[in-house]
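Have a look at the structure below before the remarks.
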Amino acid sequence: MKLPVYLDNNATTPMDPRVLEEMLPYFTEKFGNAASRTHSYGWEAEEAVDIARENVAALIGAHPHEIVFTSGATEAVNLAIKGVLENFPGQNKHIITVATEHKAVLDTCRHLEKTGTRVTYLPVSGQGTIDLVELEKEITDQTVLISVMYANNETGVIQPVQEIGNIARQYRIPFMTDATQAVGKIPVNVNSDNIDLLTFSAHKIYGPKGTGALFVRKKHPAVSIISQIDGGGHERNMRSGTLNVPGIVGLGKACELCNEEMDAENERLTLLRNTLENQLFELGDVHINGKDSLRLPHATNISFRYIDGEKLIFEAGNNMAFSRSSACTSATLEPSYVLKAMGLSDEMIHNSFRFSFGRFSTDDELSHAVQIISKIVKEHRNERNYGHHKIL
């Protein structure tokens, strides 16, 4: 067993060796530019991109021509939100999103607020989900986009995406979802969920960093985006720039593997997550954040009372890799805005941790994690000489 045990797969995943094997030739002998139409090197690269596009589309139930390749989910989010907004005429534009979105969405919306766009940030319940009635109440004739994350990166809580899509379709408003944590982990279908724009990254599904995709529905009168990067008209004029062929090949292979192995993987990862939760819950004064909501099978967010969260991270560091919040906010000292929106106190947030299993996680690693966390928690509590008041 390799130490430290890696339980931070929501931050990033190790590349699957099968993905790397698929990519390697496109760094060396198959190095052509996919936009070179006059010789075999370009044709070979273009064919590889086409195959990858088909694999990406197949994973989410889309048509290959609805897939735009990007440098990752953050670029895809910016392209989707800004591209849709710019396409709508007039000055008084309104976006509806959620207080617990990834920073890629929140920071993009806050930037647009500075230019006059009105943004509604829906609250969430203590279990991390939005109120559909509240969503519908916020819709106006100026609403140009509804953007709701499919599954939260800190808690794994899954939003009622299909119902949200139905509401958006009823009002003829484009529905976008940041599905970075969901795609490849659980079944996602853009048609049955009425999703019009969807973003995700390769590095969350055992593919390479620096590659992502945006799904843009073709058959929706209100879904049309203005390019945010000009210069060559690549990706059907939506995202100019020479395509990252090795990265795209890797994304395509990663999607193909997820499509083939998702069911068996989910069953195994659900067992690992549930075992971790059940064994740590026996420590007492433990709370599973979002436990009563539908959640991703591989991820959990756990709060421990009567410990020092900072010390726990430090003391476990040589043995385990896990996190206190999302990777995009871990550099800050402020409490998780996701858990705060769910109503947790600053003290509970300070003592909350995200554990996320992955394709290469093992039973031995699970046992090691439980042993290390249990030992540290008990030591902290003995130092404080606290009394047990088990949280239910």
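The values are calculated or read from the model by the stated rules, or taken from the named source; none is laboratory data. Note that the structure is predicted; figures quoted are calculated from it, not measured. Cβ sites come from the backbone with ideal geometry, for glycine too, and all protein chains shown count toward neighbours.
Quick rundown of the values:
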item: Residue match in the range 375-386 (condition: buried (at least 18 other Cβ atoms within 10 Å of the Cβ), over 24 Å from the mean Cα position of the chain (by Cα) and over 21 Å from Asp8 (Cβ atoms)); result: yes
item: Enumeration of residues in the range 1-55 that are of a type outside the set (A, V, I, L, M), outside any loop (DSSP other than H, G, I, E, B) and in contact (Cβ under 8 Å) with a residue 12 or more places away in the chain; result: Tyr6, Asp8, Arg18, Glu22, Tyr26, Phe27, Glu44, Glu46, Asp50, Arg53, Glu54, Asn55
item: Residue count, the range 87-110 (criterion: out of contact with any Gly (no Cβ under 7 Å at 6 or more places or on another chain) and surrounded by fewer than 14 Cβ atoms within 10 Å (Cβ to Cβ)); result: 4
item: Of the criteria (1) outside any helix (DSSP H, G or I); (2) modelled with pLDDT of 95 or more, which one Arg110 fails; result: (1)
item: Near pairs, Cβ below 6 angstrom, 6+ apart or cross-chain, from the range 218-236 (under 20 Å from Val49 (Cβ atoms) and modelled with pLDDT of 80 or more) to any residue that is of a type in the set (Lys, Arg) and surrounded by 12 or more Cβ atoms within 10 Å (Cβ to Cβ); result: Ile229/Arg239
item: Residue list for the range 301-310, filter: surrounded by fewer than 24 Cβ atoms within 10 Å (Cβ to Cβ) and polar (S, T, N, Q); result: Ser303
item: Conditions (1) aliphatic (A, V, I, L, M); (2) farther than 22 Å from Cys109 by Cα; (3) crowded, with 21+ Cβ neighbours inside 10 Å; number of the one not met by Ile186; result: (3)
item: Matching entry among Pro4, Pro25, Pro64 (being of a type outside the set (A, V, I, L, M) and more than 25 Å from His234 (Cβ to Cβ)); result: Pro4
item: Check on Ala80, within 25 Å of Cys258 (Cα to Cα), touching a Gly at 6+ places or on another chain (Cβ under 7 Å) and surrounded by 16 or more Cβ atoms within 10 Å (Cβ to Cβ); result: no
item: Residues (assigned to a helix (DSSP H, G or I) and either touching a His at 6+ places or on another chain (Cβ under 8 Å) or on the phi > 0 side of the Ramachandran plot (or both)) located in the range 74-97; result: Val77
item: Helices (runs of 4 or more DSSP H) contained entirely in the range 270-352, each with at least 2 residues that are charged (D, E, K, R), more than 21 Å from Ala11 (Cβ to Cβ) and at pLDDT below 95; result: 346-350
item: Pair list, Cβ under 7 Å, 6 or more apart: the range 167-187 residue more than 13 Å from Ser147 (Cα to Cα), other residue small (Gly, Ala, Ser) and assigned to a loop (DSSP other than H, G, I, E, B); result: Arg172/Ala222
item: Subset of the range 72-99 (residues that are among the polar types (S, T, N, Q), in contact with a Lys or Arg (Cβ under 9 Å, 6 or more places away or on another chain) and modelled with pLDDT of 95 or more); result: Thr74
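Condition check ((1) out of contact with any Pro (no Cβ under 9 Å at 6 or more places or on another chain); (2) surrounded by fewer than 16 Cβ atoms within 10 Å (Cβ to Cβ); (3) not assigned by TED's automatic domain parsing to the domain that holds Gly126) across all residues:
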residue	(1), (2), (3)
Val245	yes, no, no
Glu267	no, yes, yes
Arg273	no, no, yes
Asn289	yes, no, yes
Arg295	yes, no, yes
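Here is a yes/no grid of residues against (1) assigned by TED's automatic domain parsing to the domain that holds Thr300; (2) surrounded by 24 or more Cβ atoms within 10 Å (Cβ to Cβ); (3) over 16 Å from the mean Cα position of the chain (by Cα):
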residue	(1), (2), (3)
Glu136	no, no, yes
Tyr150	no, yes, no
Thr155	no, yes, no
Phe175	no, yes, yes
